[in-house]
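The values are calculated or read from the model by the stated rules, or taken from the named source; none is laboratory data. Treat the numbers as computed from the prediction; the structure is a model and nothing was measured. Cβ placement follows ideal geometry from the backbone for every residue including glycine, while neighbour counts extend to all protein chains displayed. Quick note on the areas: whole protein, heavy atoms, side chains included, nothing else; ligands and nucleic acids left out. Shrake-Rupley method; radii C 1.70, N 1.55, O 1.52, S 1.80 Å.
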Amino acid sequence: MTMKVLGTSKFGRQNLTFSDHHPKPVPIKPTEVLIKIIYTDLNPVDHHKLNMKPNGTPTPAAAPLIVGYGGSGIVESISSDHADEQSVQLLNKQVCFLADPSKDGSYAQYIVVDRRLVAVIPEGVPLEEAACIPVAGVTAFESLDKVGLLPVYDGTNHDVVKPILSSPSGNKYRLLIIGGAGGVGSWATQLARSTYGSEIEIVCTTGSQESSDWCIKMGADVTIPHDEIETKLGTGPKGSCDAIICLAEPTAALFASMAEVLRQYGKICLVVAGEGIKSLDLSFVFFKSGTVCTATVFSSIRCGYHIDQASEMSTILEALKRAKVTAPLADTWEEGKADWRTASVEGEYIDMVGSGHVRGKLVMKIGE
């Protein structure tokens, strides 16, 4: 059996084309499930993968290259021989999912994924909203965890269990999100706010008034320009930020600013890579006994070390259901423009996300 996909046999976003004859995947392992995709998550990493040309190679090792790393849909089938009980329980359920980056992605009508990367969507949560969660929401969740701000809900009534926030400065705990208007920043802001309320001060950097307004809408207390971190926030040995989530490439200048505003024993989480990570100057962070860590949801999936993103997505879905957070769908998102034939046209949703200037999230509807 075959399915329709949106892929490319040659690197370059401009080479994306539809194909009706790609083999439909089949779940084989006990933990694998087949999902009929309704919406795929759109992310800047899609463009990066389409244009990367590793070692200058013009064609992907496995063609066509199908990107897309998460979305929402319906579990259509499971392994016919020895599916485990958890997989059986997912059959015919509406779900959101993360994709394995080493396999065919979600720019397709069907995908096989590990059920540990699949979460059931609660009644009342629309599929397009659930599709906003997998990549951006889980990245935000794990980034908050890395800096000690993990949103935790008890298993009985889903009330928030708040870890005690304590800043060595004696002031209110401050979280700085660099690049707060995108999908990850929007989720991080909302999850931190819904967990800690007024106990935390959230500062986001932005590049425009529209992005500033968006961040305030998501729950930020204050926004500052990207290039005014040191002038707007306290610097020096005492610093002014207990936790920093960096959603931009950590250039030498940007990392120096982060080190300046970091408080004693503060934590920095780097989410975006780039040339800058090859030569970070940790001297001032070392002086402050600070911690620098990284977050990428794909590392654990690739190595199999920690595969339980289903529980993280479930936590966010529960918060959505209880109206503790809202799906950060971009103001520009429209159902009529989300169909993959429209979204894949030059200048439309796929390219808008690739530009890195979308406020919130865009998702694409997979059609026939």
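The figures follow:
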quantity	calculated
Helix 183-196 vs. the chain, principal-axis angle (Cα, 0 to 90°, nearest 10)	60
For the stretch 1-55 and the stretch 298-315, distance of Cα centres in Å	20
Under Karplus coefficients 6.51, -1.76 and 1.60, residue-wise ³J(HN,Hα) of the stretch 278-293 in Hz, glycine/proline x	6, 9, 6, 8, 8, 4, 6, 5, 4, 4, 8, 6, x, 10, 10, 9
Additional length obtainable on full extension of the chain from Gln86 to Val345, 0.36 nm per residue less Cα span	89.3 nm
Angle in degrees between helix 309-321 and the longest Cα principal axis of the chain, rounded to the nearest 10	80
Farthest toward positive dipole pole in the stretch 32-135 [+1 Lys/Arg, -1 Asp/Glu at C-beta], among Thr57, Tyr69, Val120	Thr57
Rounded to 5, the percent of DSSP beta bridges in the chain classed as antiparallel	55
Calculated FRET efficiency for the pair Thr57/Lys321, C-beta based, R₀ 35 Å, to 0.05	0.20
Lys, Arg +1 and Asp, Glu -1 on Cβ, resulting dipole of the stretch 1-128 about Cα centre, debye, nearest 20	500
Helix axis angle, 252-261 relative to the chain longest principal axis, alpha carbon, degrees	50
Extreme residue, positive dipole direction of the chain, given options Val353, Ile200, Gln264 (C-beta unit charges)	Gln264
Rounded accessible area of Leu34 (nearest 10 Å², 1.4 Å probe)	10
Ile307 - accessible surface, heavy atoms, 1.4 Å probe, Å² rounded to 10	40
Translational diffusion coefficient (Stokes-Einstein; Kirkwood radius from C-alpha pairs) of the stretch 28-117 at 10 °C, 1.306 mPa s, in µm²/s	115
Positive-end residue of Ile245, Ile366, Cys96, charge dipole of the chain with Cβ unit charges	Ile245
Phi to ³J(HN,Hα) by Karplus 6.51 cos²θ - 1.76 cosθ + 1.60 over the stretch 41-49, Hz, x for Gly, Pro	5, 10, 9, x, 5, 4, 5, 4, 5
Surface accessible to a 1.4 Å probe, Asp114 within the full protein complex, Å²	30
Within straight-line cross-link reach of Lys232, aspartates and glutamates at Cα separation under 17 Å, skipping those fewer than 8 residues along the same chain	Glu201, Asp221, Asp242, Glu260
³J(HN,Hα) computed for each position of the stretch 205-217 - Karplus, 6.51 cos²θ - 1.76 cosθ + 1.60, integer Hz, glycine/proline x	8, 9, x, 7, 5, 4, 5, 4, 4, 4, 5, 5, 4
Residues of the chain: accessible area per residue with a 1.4 Å probe, Å²	44
Which listed pairs, of Lys36/Lys267; Lys93/Lys337; Lys10/Lys278; Lys49/Lys324, have C-alpha distances above 32 Å, in listed order	Lys36/Lys267; Lys49/Lys324
Tensor-based shape of the stretch 109-261 (alpha-carbon gyration tensor, a/c under 1.5 rounded, otherwise prolate or oblate)	prolate
Residues with amide H under 5 Å from that of Ile121, placed H, sequence gap 5 or more	Gln94, Val95, Cys96
Extension gain, Lys93 back to Ser311 (0.36 nm per residue minus Cα-Cα distance, nm)	76.9 nm
Apportionment of accessible area to carbon and sulfur, the chain, percent (1.4 Å)	52
Contour excess over end-to-end distance, with Cα ends at Gln14 and Thr291 and 0.36 nm allotted per residue	95.6 nm
Candidates Met313, Met218, Met352: whichever shows maximal mean-square fluctuation once the chain is modelled as a Gaussian network with Cα springs under 10 Å	Met352
Overall form of the stretch 185-324 per C-alpha gyration tensor (a/c, 1.5; a/b vs b/c)	oblate
Student exercise, the chain dipole from Lys, Arg, Asp, Glu Cβ charges, in Debye to nearest 20	480
Asp281 versus Phe298: modelled label distance in nm, points set 7 Å from Cα along the beta carbon direction	3.1
Charge dipole magnitude, Cβ of K and R +1, D and E -1 - the stretch 311-368, Cα centre, debye nearest 20	340
